[in-house]
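The values are calculated or read from the model by the stated rules, or taken from the named source; none is laboratory data. Note that this is a predicted model, so its numbers are computed, not measured. Glycine gets a Cβ as well: all are built from the backbone with ideal geometry, and neighbour counts include every protein chain shown. Surface areas here come from the heavy atoms of the whole protein model, side chains and all, with no ligands, DNA or RNA. Shrake-Rupley method; radii C 1.70, N 1.55, O 1.52, S 1.80 Å.
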Amino acid sequence: MSAFSDMVTWFNDPLNWTNPDGILTRLREHLQISFLSVLFGCLVAWPVGTWLGRRGAGSGVVVILSNITQAMPVIALLTILSLSPLGIGMPAVVVALTVFSLPPLLANAYTGMREIDPEVRDAGKGVGMTWTQLLLRVEIPLAVPFLATGLRIATTQVVATATLATLVNGGGLGNIISAGFGLGPGRGDAQILAGAVLVALLALLIDGLMALLERKVTPRVLRQAAGRA
């Protein structure tokens with residue numbers, strides 16, 4: 001139990017929150033890394049997944065892209081990118097985590113488009129909707145539950161995995177954990193435990209917020225239909 005009491009003492013030290021390597025600085029870095037990674041992932045995966053889903057002939061491409069990105073370990077990708085022109089630091093981390101975020105975003109965007117009833121598209125075309133109007137007014141709103149689910153999964157995974165940024169000097173809450181290991185056995189136990197708790201709580205908090213967002217952006221009629229199902 002001493003490790004837990006030492007962790008509480010560590011949290012109660014104001015310097016551990018406000019110093020240049022403290023919780024607030026590392027939390028801001030962690031959120032920045034996660035936000036940029038998911039943002040870039042959405043900018044890549046959603047247009048591609050939507051386009052392939054509308055065509056209806058890209059299931060194999062989606063599977064291949066998802067398998068390739070999932071098969072590449074994040075640590076290996078971080079190492080490769082840190083030795084590239086991106087160098088050591090946050091840019092390499094953001095690119096690696098962007099790749100890591102692609103599978104759920106891409107797969108759910110594709111599925112969202114494929115699940116739309118063809119009769120709905122035909123009805124839109126029948127009232128004179130253009131390609132763009134059909135996409136923005138009919139298809140994307142109907143695909144929102146799938147897009148939101150992919151966004152939730154990708155965001156939670158990225159927030160948890162961003163801890164590895166410390167391996168290439170990319171910042172984030174992982175620095176608190178790695179600094180604790182640098183203090184040696186016993187001395188750094190409280191800091192290591194505190195860093196792990198911070199990452200776990202942040203991931204749970206983000207997942208909860210994304211669940212609320214997922215419910216908020218899902219049209220009421222679709223929520224009611226899901227409830228009846």
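Exactly one residue out of Ala154, Ala203, Ala148 is closer than 14 Å to Leu27 by Cα and touching a residue at least 24 places away in the same chain (Cβ under 8 Å), and it is Ala203. Screening Phe181 against (1) touching a Gly at 6+ places or on another chain (Cβ under 8 Å); (2) of a type in the set (A, V, I, L, M, F, W, C); (3) open to solvent by less than 70 Å² (accessible area, probe 1.4 Å) leaves a single unmet condition, (3).
One residue is enough: does region 84-102 have a residue meeting the conditions within 26 Å of Gly171 (Cα to Cα), modelled with pLDDT of 85 or more, part of a helix (DSSP H, G or I) and of a type in the set (Ser, Thr, Tyr)? Within region 84-102, one or more residues are within 26 Å of Gly171 (Cα to Cα), modelled with pLDDT of 85 or more, part of a helix (DSSP H, G or I) and of a type in the set (Ser, Thr, Tyr).
A search for C-beta distances below 6 Å between a residue of region 172-194 that is over 15 Å from Thr25 (Cβ atoms) and any residue that is surrounded by fewer than 22 Cβ atoms within 10 Å (Cβ to Cβ) and acidic (Asp, Glu), counting only pairs 6+ apart in sequence or on different chains, returns Ala190/Asp6. So, Ile75, is that one touching a residue at least 40 places away in the same chain (Cβ under 8 Å), part of a helix (DSSP H, G or I) and surrounded by fewer than 14 Cβ atoms within 10 Å (Cβ to Cβ) or not? Against the criterion (touching a residue at least 40 places away in the same chain (Cβ under 8 Å), part of a helix (DSSP H, G or I) and surrounded by fewer than 14 Cβ atoms within 10 Å (Cβ to Cβ)), Ile75 qualifies. Is there a residue in region 147-168 that is open to solvent by 70 Å² or more (accessible area, probe 1.4 Å) and either at pLDDT below 85 or in a loop (DSSP other than H, G, I, E, B) (or both)? No, the conditions are met nowhere in region 147-168.
Considering region 173-229, the qualifying helices (runs of 4 or more DSSP H), each wholly inside and each with 1 or more residues that are modelled with pLDDT under 85 and of a type in the set (Lys, Arg), run over 189-217, 220-228. Scanning region 125-138 for residues that are open to solvent by less than 60 Å² (accessible area, probe 1.4 Å) and either within 17 Å of Cys42 (Cβ to Cβ) or of a type in the set (Gly, Ala, Ser) (or both) turns up Gly128, Leu135. Residues of region 107-124 that are part of a helix (DSSP H, G or I) and either open to solvent by 10 Å² or more (accessible area, probe 1.4 Å) or in contact with a strand residue (DSSP E or B) (Cβ under 8 Å, 6 or more places away or on another chain) (or both): Ala107, Asn108, Tyr110, Thr111, Arg114, Pro118, Glu119, Val120, Arg121, Asp122, Ala123. State which residue is surrounded by the fewest Cβ atoms within 10 Å (Cβ to Cβ) when the search covers only region 14-41 and only residues that are over 13 Å from Ala165 (Cβ atoms) and touching a Leu at 6+ places or on another chain (Cβ under 6 Å). Among residues in region 14-41 that are over 13 Å from Ala165 (Cβ atoms) and touching a Leu at 6+ places or on another chain (Cβ under 6 Å), the one surrounded by the fewest Cβ atoms within 10 Å (Cβ to Cβ) is Trp17.
Residues in region 50-72 that are of a type in the set (A, V, I, L, M) and open to solvent by 30 Å² or more (accessible area, probe 1.4 Å): Ala57, Val61, Val63, Ile64, Leu65, Ile68, Ala71, Met72. Close Cβ contacts (under 6 Å, 6 or more residues apart or on different chains) running from residues in region 1-27 that are in contact (Cβ under 8 Å) with a residue 12 or more places away in the chain to residues that are open to solvent by 40 Å² or more (accessible area, probe 1.4 Å) and of a type in the set (D, E, K, R) comprise Ala3/Asp189.
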